[in-house]
Structures are given as C-alpha cells and as structure tokens.
Amino acid sequence: MSQASAYAAYSADTPLAPFTFQRREPRPDDVAIEILYCGVCHSDLHFARNDWGMTRYPIVPGHEIVGRVTAVGSEVTRFQAGDLVGVGCMVDSCRQCQACRDGVEQFCLEGFTMTYGSDDRQDGTFTQGGYSDSIVVSEHFVLRMPEGIDLASAAPILCAGITTYSPLKRHGVKAGHKVGVIGMGGLGHMGVKLAKALGAEVTVFTRSAAKVDETKRNGADHVVVSTNATQMEAVAESFDFMLDTVPVQHDLNPYLAVLKYDGTHILVGLLDPIEPTIEAFNLVFKRRVLAGSLIGGIEETQELLDFCAEHGITCDVEMLDIKNINEAYERMEKGDVRYRFVIDMATLKGNAAG
Ligand SMILES: [Zn+2]
Ligand SMILES: [Zn+2]
C-alpha cells in the first residue's frame, strides 16, 4: 500500500478538505500513476453533495485524470514507467458481458466500476478519484496520452470530451450535417469543437444574448438565442441533430421543433425526469428521435484522444490551485467558468493533511 494525499468531501454540507488514504499495491495487471492534472466535472460536485443519494464519505472526486506512470504490475504489456496516461470515469467492468465484449464498458450489464464512489471488484475497497496525487488502475482502463497533446487542457477530454464525441460518432455526424448544441459549458464547448472537426455546421443555442459574441469566438458557425421566439422560428425544422448538454430540467419541445424530419435530439446532460412533458406530436409527426448517451467505451476514448491530438483540439481550461476547489464549485454552479477547471496537482504538495 502507499499513502495518497488528496482532497475529499467529508459530508454533503461541508467544504472539501485535505485527506490521506491508502492506494493498493499494483496487482499484476495494474498501472500506478502519479497524477499531474485533474479536471473538475459537474458530477464531482453532485457526488460531493450527495445530490444523487448514493455518496459514501469521505469521497475523493475527480475522473478527468492525467498523469505519469510510476510502476506497473508484472502482466502489464502496454505501459511502462514514465508513460503519460489518462484515466476517465471508469476503472473496471465485468469484462465478459456483451457490452464489455462490444467495447462499451459504460453499459456493462453488471455495472462499471466508477473511478470514485464504487467498490473495487476484486478487493472490495472503495474507489477514490483524481483530486489526489496518485491512483492505481488496471491497464485496460488506462488511456495513452498522444504525443504533443497539452496535458492540462486535455484532461477534460476524458469526461466532457468523450460524453459529446461518443453520440456524434454513434449517430454518424459528418460534413453536410447541421448540428445544434444546447448549452455552452464544459460539455457544450467540447461538443462545438468536436462537431466542427467532424465536418458539421454548428449552431449554439444559448439563453443569454450576452453570450453570442463569446460563443462565436469559440468556433460556432451560428448562435441562436433560445429565449427569442423570432430566432427560434427562423430555424424551425432545420437541424439533423441537437446535442443537448443542459444538466437541469428544461422544455425540450421548442428544440424538437427545430429538428428536420428524422432528426435526433440527444440528451447527454440531463439525469432528472423530463419536465415539462414532451408533446408526442413533436416526435410522431416528423419521425423524430429522442436519444440519450453516456460517456464512451475505453477504445472510443483512446480514439478521441488521438483525434483531438490530430486536430489540435483541447478544452478551454482555467487552472486551479486545489485549495480553491470549494470556491471553484461555487463558481461552477453559477456557470462562471470558461469552460472547465483543471486542478494542477502540484498545488497539492504542502497542502494536504499529515
Ligand atoms: Zn464527468
Ligand atoms: Zn460487463
């Protein structure tokens, strides 16, 4: 075992604070990683505050992890000490079910092992995430960072990036398609970059007229202010896909109305019940599809990292000192980040307990 320094949530209503715990000795198929950077995802905040009613404390969040291999187990073949690697939202799955064999471990029929907040499949220990100085992960769930990619700004590719890339690939988005991206946060800004790189014409839908210029600077071809009925009417029935990154309840009906017939509305941010109700008319009369999507498999995540390196795509990040993590959560809740916080784990040194 080795001692890890970290920041953890100790309860739903107290700030994150320094924490130390033990990481396991590498098993034969394990890779031990010194964490250099970790992105801050909305899920981290939901977990820390027990918004989904499943959190056990203390919990170390973080599933956009980039680091350097420090040691490998005896059976590891793909990595060696010194390699630059990433770990996303999953650290294990059953590896035998149809979903695992199909390379979509996120849909493992037995449930995948989350990077934090799960029980390890072999020894039952509680998994802890990337707001820490080290992690030990089976090599199957370790990603290779492509040569030349900026490590800090690549970290959010491991959750925000794959969450938006996977459905775009799955639905075959390509040149000639018109894609609408709803919401311009961590997910939305990656959705814009990735849909553009796949060749699509991209329109961002935002509630705020104040965000129009900023959004255009960030690569969108067009911006529609969704609270402006005239602008919404002007784009009726014109999109092939709508990538909906909004994590809070919102009316889908106006967005369904801007899809062409056979168009697809893809939910990647919402986990709550859909309110207000969807008018079935909006689906039936135009043969439209309402779809969902969840992160992506390990192979597809590697494909995305390589795709981002090839196309020069990174996240727009704001670097964070880990002692400011609680303030960062507050700013994230207000949408006051362009567009993702990434913790520089060097700031953990000298900060942590014991
Ligand atoms: Zn995430
Ligand atoms: Zn499985």
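For segment 207-247, just the Cα atoms, rotate onto the principal axes and tell me the three extents in Å, largest first.
Sorted largest first, the three principal extents are 26, 23, 21 Å.
What distance in nm lies between label points placed 7 Å from Cα along the C-beta direction at Glu333 and Arg170?
A separation of 3.1 nm, rounded to one decimal place.
Tell me the mean residue ellipticity at 222 nm calculated for the chain from its helices only (DSSP H runs of n ≥ 4, each -39500 (n - 2.57), averaged over every residue, nearest 500).
One gets -6000 deg cm²/dmol as the mean residue ellipticity at 222 nm.
Under a plain spin-label model, where a point goes 7 Å from the Cα along Cα-to-Cβ, how far apart in nm are Thr230 and Asp316?
Simple spin-label model gives 2.7 nm for this pair.
Can you report the principal axis dimensions of segment 228-284 using only the alpha carbons, biggest first, rounded to whole angstrom?
Principal extents (Cα only, largest first): 29, 25, 19 Å.
What does the charge count near Asp262 come to, summing +1 for each Lys or Arg and -1 for each Asp or Glu among other residues with Cβ under 15 Å from its Cβ?
+3
Count the net charge of all other residues whose Cβ sits under 12 Å from the Cβ of Cys159, scoring Lys and Arg as +1 and Asp and Glu as -1.
Net of charged neighbours comes to -1.
Keeping the other protein chains in place, figure out the carbon and sulfur percent of the accessible area of segment 46-130, with a 1.4 Å probe.
47 percent
How high is the relative contact order of the chain? Use alpha-carbon pairs under 8 Å, at least six apart in sequence, and give a whole percent.
Reported as a whole number, the value is 18 percent.
Taking the alpha-carbon distance from Lys193 and a cut-off under 30 Å, which lysines remain once sequence neighbours fewer than 8 residues away in the same chain are dropped?
Result set, ordered by chain and number: Lys169, Lys174, Lys178, Lys211, Lys216, Lys260, Lys286, Lys334.
If you roll a 1.4 Å probe over segment 201-307 with all protein chains in place, what percent of the accessible area is carbon or sulfur?
So the carbon and sulfur contribution to the accessible surface is 54 percent.
Which of the three applies to segment 1-106, rounded, prolate or oblate, going by the alpha-carbon gyration tensor with a ≥ b ≥ c and a/c under 1.5 meaning rounded?
Here segment 1-106 falls in the oblate category.
Work through the residues other than Gly67 whose Cβ is under 15 Å from its Cβ and net out their charges, Lys, Arg +1 and Asp, Glu -1.
Details: positive: Arg23, Arg68, Arg144, Lys349; negative: Asp30, Glu34, Glu64, Asp83, Asp133, Glu139, Asp150, Asp344.
Summing Lys and Arg as +1 and Asp and Glu as -1 gives -4.
With every protein chain present, what is the per residue accessible area of segment 279-349 (1.4 Å probe, Å²)?
Roughly 51 Å² per residue, with all protein chains present.
Have a look at Val258, Asn50, Gly39 and report the one farthest towards the positive end of the charge dipole of the chain, computed about the Cα centre with Cβ charges (Lys/Arg +1, Asp/Glu -1).
The residue sitting most towards the positive pole is Val258.
Determine the distance separating the Cα centre of segment 63-116 from the Cα centre of segment 301-354; give it in Å without decimals.
When both Cα centres are located, 21 Å separates them.
If packing is taken as the average count of other Cβ atoms within 10 Å, what order do 194-202, 231-239, 99-107 fall into, highest mean first? Intermediate results must be reported in sequence, preceding the final value.
Details: 194-202: 20.8, 231-239: 14.6, 99-107: 17.9.
Order by mean packing, descending: 194-202, 99-107, 231-239.
The values are calculated or read from the model by the stated rules, or taken from the named source; none is laboratory data. Bear in mind that the values here come from a model prediction, so they are computed numbers and not experimental data. Backbone-built Cβ (ideal geometry, glycine too); neighbour counts: all protein chains shown. These area figures cover heavy atoms from the full protein model, side chains too; ligands, DNA and RNA do not enter into them. Shrake-Rupley method; radii C 1.70, N 1.55, O 1.52, S 1.80 Å.
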